[in-house]
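The values are calculated or read from the model by the stated rules, or taken from the named source; none is laboratory data. The structure presented is a predicted model; accordingly, all values stated were derived computationally and were not measured. Here the Cβ positions follow ideal geometry from the backbone for every residue, glycine too, while neighbour counts run over all protein chains shown. Keep in mind that these areas ignore ligands, DNA and RNA; they rest on the heavy atoms of the full protein, side chains included. Shrake-Rupley method; radii C 1.70, N 1.55, O 1.52, S 1.80 Å.
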Amino acid sequence: MKKILISACLVGDKTRYDSKSSYTPLIEDLMEKYELVPFCSEVEGGLSIPRLPSEIKGNKVIRNDGKDVTFNYQKGAELAWNICNYLGIRIAILKENSPACGVHKIYDGSFKNRKIDGKGWTTRYLENKGVKCYSEDEIEELLKLG
Ligand code: SF4
């Protein structure tokens, strides 16, 4: 079975900043075709659950109290790639809008709940390494391919 890296919160892990998950029911269909490898960049990068929210601002990731957490996001992105590289994973399904996992949209860095076109820190890193990234809204598309 082909392996896919997937945002841990999408399979039901309560890894989000607010200690909730973003469980997506289509995961059950995916599991019939793929072996899912759950991963949370923010937690693996050393951030706690719960944690204050962060947004990408320019070439940094900033927490809403002003702290620069770019180091943690970079570490999480590198670890995500290490896993993909080690396991031969070339596809990832990542949580839209997240500063780590967003695929098409992220928040704009103002903490005013405004979304812009853009990619999360891990998504950008993985795509530069050749991993094809899909958002949870594109799972049906991926299921048709499989
Ligand atoms: Fe989910 Fe990714 Fe945020 Fe972790 S970093 S909680 S996997 S969106």
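Structure values in brief
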item: Some residue of the stretch 71-86 being more than 14 Å from the ligand (Cβ to nearest atom) and over 17 Å from the mean Cα position of the chain (by Cα); result: yes
item: Test: Glu78 is in contact (Cβ under 8 Å) with a residue 12 or more places away in the chain, farther than 19 Å from Gly46 by Cβ and touching a helix residue (DSSP H, G or I) at 6+ places or on another chain (Cβ under 8 Å); result: no
item: Which listed residue is over 14 Å from the mean Cα position of the chain (by Cα) and within 13 Å of the ligand (Cβ to nearest atom), from Pro50, Pro99; result: Pro50
item: Filter result (open to solvent by 10 Å² or more (accessible area, probe 1.4 Å), more than 17 Å from Cys9 (Cα to Cα) and small (Gly, Ala, Ser)) within the stretch 91-110; result: Ser110
item: Pick from the stretch 52-67, criterion farther than 14 Å from Asn97 by Cα and of a type in the set (Gly, Ala, Ser), ranking: modelled with the lowest pLDDT; result: Gly58
item: Top-ranked residue in the stretch 111-146 [being free of Cβ contacts under 8 Å to residues at least 12 places away in the same chain and closer than 24 Å to Lys75 by Cβ; ranked as surrounded by the most Cβ atoms within 10 Å (Cβ to Cβ)]; result: Glu127
